[in-house]
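Okay, so here's the structure we're looking at.
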Amino acid sequence: MVRTRLRRALALCLSAALALTFTGFSSASAIAVSPSVETRAAGWSLQDSGVSAHLGSVYFIDESTGWIAGANGTLRKTTNGGASWFAQDPGTSVWLSGVFFLDESTGWVVGDEGTILKSTDGGVSWTPQTSGTTKNLWGVQFVDENNGWVVGIPGGNGPPPPGEYGPILRTTDGGTTWTNYGSLDYAIVQSLFFIDQNTGWVAGNGTLRKTTDGGVTWVDKRPDGTQRLYWTPHFVDANTGWVVGGDGLILNTTDGGDSWEFQDSGVSTELIGVHFVDANTGWVSGNNGLILATDDGGATWVVQHSGGTRYLRDLYFVDANTGWGVGADGHMVAYRWPLPAVTPLEGDDRYATAVDVSQRVFPIGAETVVIATGVNWPDALGGTALAGALNGPVLLVGTDVVPSVVTQEIERLGATNAIILGGTAAVGAAVEDALSQMLDEDNVERIDGSDRYETADAIALRVIEELDEDYDGMAFVATGASFPDALAAAPLAAKQHWPLFLANPVTGLSAGTKVAMADVTDAVVLGGTAAVPSVTETQLVADLPGSVERLWGQDRYATAVAVATYAVDEQGHDWDRVGVTTGMNFPDALSGGVAQGKMNSVMLLTKPTLLNSDTAATLTTHKAVIDSVTFFGGVNAVAQDVRDEVSAVLQ
């Protein structure tokens, strides 16, 4: 059984943003408010590096031109901000761990076996330079065309001789000659950062040192002499800098490293990459798909992405709105803010649309996937709350088959666990067998009941179990006869982790559902009395110690407006980044609800070929605070004419 607990603090995630950035709707930009660090998590999206080799370094000279380097001699370049990458030939197959460019022409890469290569034509051709060492070189930096440094680790077997533990190489002639200042005996050096030709820092396993003479001599700058794993230093000036490392370590200095403050990262995983664009704004990356961000110099850190089994090795930002990250298995993400004015999340069918949503929301990966049928809705409705609690996507399958696009997505995510919603009539044994072959049968869980009501109870109980003491006691109650009202609340369910219980439209809550709601203190009823009868509301008022509120409208579209308004007014969601999808079918809203929850936004419904009047009126009312909109599903779900009308309304 899958029993991985992911706390709410780690449930923030990435958005479904496209890599290409457009100007937002004009009326909104005039009164734009600076978004929070949590909101800006929506700026991360997946990029295709074009390789599956581990990537260790990324460097850009501007928002368009950059390079990535990694295992097996991987070296690739982009001239369009990472939208596409093309291979460059370094003339070697060794692991390339560091890449650095001064401008569009002049750059260096370093790697195993003492490899140093220089290019003067933007990477078209590379010339080997004599490093004087056979050690594995990990980091490279230049402060001008002449002055540069390279650091590395011992490699090989057995203890290296003195001077070769942590080789530190310096050049003053652009790499024509390199001098080994490897005086750090018994020190393993993994990374470096220089701010001028004299002042720099190196970090490694048990090593944190500073030089003021260009690397000839080094002074121990560990905060208390403790043997720790220090991964990477980064400074914005001679005084202000950060170092990240093992066990969630983040150190900050404002006096050049003479003293250090331990900052609270809120995590215990290994932190590897760090990049700041000024004294306040920075990011940290690490194991398990982790990205942390701060806008106050590290006084507070916010998780912008977590989940999965892959690490992010390196980060690079050209400014506060544009950056990239690289890591294991060729994975690459890009950061762009503001979001595009219009983002379509769609595929050739409902299965591919759910995959597109997953790729945009979980670009680095996710440990657990929630599997629901794409054929019928009853067993799938509670999936968004569970996906939110588990910090994973909802993926759709056929009754007896896992579509190839879904199999590929599970592999891309690096998922190790799957939870199937519903019995074998909804998701057949053949699907469970296929998932068990991919993930091991001990890592595949099925949640089901004798009917839709019992299945909903079981899913809700699984959500509450997952949250444990973090469960706040709130739950949704919706009709078991149709899907629109429940799916309108999907962003709230995913974000707030509120479980969903189903009521019979005539008899109300079953005895079993009442028992399952033992830990529920408050409830929100979704839909009017035709959907959820008054007897159900009366039952809830009598049974629950807290509040009971009904959100409804004259139809599914007006109910979706009521739910969205409640989410914004009462629960802190935003109208900006609003989602629009069809109210006539369930799959796109189901997977899209997770995305909208992660973006802290809401979902509105429309007819496929005609923009609903209540939806249009709501968009008009709030257009001043809407800079971007996401459409879920293809043009059969939301026609192009409807999309155009939405854009026109928001102008």
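The values are calculated or read from the model by the stated rules, or taken from the named source; none is laboratory data. All figures in this text were calculated on a predicted structure; none of them were measured in a lab. All Cβ positions, even for glycine, are placed from backbone atoms using ideal geometry, and neighbour counts span all protein chains on display. Heavy atoms of the whole protein, side chains included, go into the accessibility calculation; ligands, DNA and RNA do not. Shrake-Rupley method; radii C 1.70, N 1.55, O 1.52, S 1.80 Å.
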With x for Gly and Pro, the residue-by-residue ³J(HN,Hα) of segment 449-458, computed from phi through the Karplus equation 6.51 cos²θ - 1.76 cosθ + 1.60 at θ = phi - 60° and given in whole Hz, is x, 6, 8, 4, 6, 5, 5, 4, 4, 5
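Counting DSSP beta bridges with both partners in the chain, what percentage is antiparallel, nearest 5?
Working: 93 of 128 bridges.
In the chain, approximately 75 percent of DSSP beta bridges are antiparallel ones.
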In whole angstrom, the spacing between the Cα centers of segment 243-303 and segment 113-146 equals 29
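At a Förster radius of 56 Å, what calculated FRET efficiency corresponds to the Cβ-Cβ distance of residue 86 and residue 177, to the nearest 0.05?
Numbers: r = 32 Å, r/R0 = 0.57.
The pair residue 86/residue 177 has a calculated efficiency of 0.95.
Determine the relative contact order of the chain: mean sequence separation of Cα pairs under 8 Å and six or more apart, normalised by residue count, in whole percent. Show your work: numbers first, answer last.
On the way: 1854 pairs, mean separation 80.0, N = 651.
Over the chain, the number comes to 12 percent.
Classify segment 416-522 from the C-alpha gyration tensor, please: rounded if a/c falls under 1.5, else prolate or oblate depending on whether a/b exceeds b/c. Before the final figure, lay out the partial values.
Working: a/c = 1.94, a/b = 1.45, b/c = 1.34.
Taking the square roots of the gyration eigenvalues as a ≥ b ≥ c, segment 416-522 is prolate.
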Quick note, segment 513-626: a/c under 1.5 would make it rounded; otherwise a/b > b/c is prolate and the rest oblate (a ≥ b ≥ c, C-alpha gyration tensor); here it is prolate
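Given that compact globular proteins tend to follow 2.2 N^0.38 Å, what is the ratio of the alpha-carbon Rg of segment 307-449 to that value?
This ratio for segment 307-449 stands at 1.11.
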Long-range amide H partners of residue 205, meaning residues 5 or more apart or on another chain whose placed amide H is closer than 5 Å, are 188, 190, 230
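Name the shape class, rounded, prolate or oblate, that the alpha-carbon gyration tensor gives for segment 528-568, where a ≥ b ≥ c are the square roots of its eigenvalues, rounded holds for a/c under 1.5, and otherwise prolate holds if a/b is larger than b/c and oblate otherwise.
Details: a/c = 5.04, a/b = 1.51, b/c = 3.34.
In terms of gyration-tensor shape, oblate.
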Taking a straight Cα-to-Cα line shorter than 20 Å from residue 495, and setting aside same-chain lysines fewer than 8 residues away, one finds 598
Per the helix-only model, the chain has a calculated mean residue ellipticity at 222 nm (DSSP H runs of ≥4, -39500 (n - 2.57) each, divided over all residues, rounded to the nearest 500) of -6000 deg cm²/dmol
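Determine the sum of side-chain charges near residue 624: Lys and Arg each +1, Asp and Glu each -1, restricted to other residues whose C-beta is under 14 angstrom from that of residue 624.
Values: positive: 623; negative: 574, 576, 627.
My count for the surroundings of residue 624 gives -2.
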The answer for segment 505-602, accessible area per residue at 1.4 Å probe in Å², is 35
Env charge @ residue 558, Cβ radius under 12 Å, K,R +1 / D,E -1, value -2
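What value in Å³ per residue do you get for the convex hull of the alpha-carbon atoms in segment 309-377?
Numbers: hull volume 8.4 nm³, N = 69.
Convex hull volume per residue, Cα atoms: 121 Å³.
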Residues whose modelled amide H sits under 5 Å from the amide H of residue 474, counting only those 5 or more places away in sequence or on another chain, are 521, 522
Residue 226 and residue 538 label points (each 7 Å along its Cα→Cβ direction) are spaced in nm at 6.3
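Ignoring ligands, DNA and RNA, what percent of the 1.4 Å accessible area of the chain is carbon and sulfur? List each step's numbers first, then the result.
Numbers: 10730 of 22660 Å².
Roughly 47 percent, rounded to a whole number.
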Once both label points are put 7 Å beyond Cα along the C-beta direction, the residue 469-residue 63 separation in nm becomes 4.6
If amide H atoms are modeled at 1.01 Å from N in the peptide plane, then the residues at a separation of 5 or more from residue 342, or on another chain, having amide H under 5 Å from its own are 629
Looking only at aspartates and glutamates whose Cα falls under 20 Å of residue 135's and that sit 8 or more positions away or on another chain, we get 112, 113, 164, 185
Once Lys and Arg are counted +1 and Asp and Glu -1 for all other residues with Cβ under 15 Å from that of residue 65, the total becomes -4
Diffing segment 187-192: the Karplus 3J(HN,Hα) column from phi (6.51, -1.76, 1.60, θ = phi - 60°), in whole Hz with x for Gly and Pro, holds 10, 9, 9, 10, 7, 8
Which of [x] 78, 61, 52; [y] 92, 55, 46; [z] 84, 49, 45 gives Cα extents along the principal axes in Å as computed here? It is [z]
Rounded to the nearest 0.05, FRET efficiency between residue 617 and residue 79 (Cβ-Cβ, R0 41 Å) equals 0.40
Once phi for every residue in segment 632-646 is put through the Karplus expression 6.51 cos²θ - 1.76 cosθ + 1.60 (θ = phi - 60°), the whole-Hz ³J(HN,Hα) values, with Gly and Pro written as x, are 9, x, x, 6, 6, 8, 9, 5, 4, 4, 5, 4, 5, 5, 4
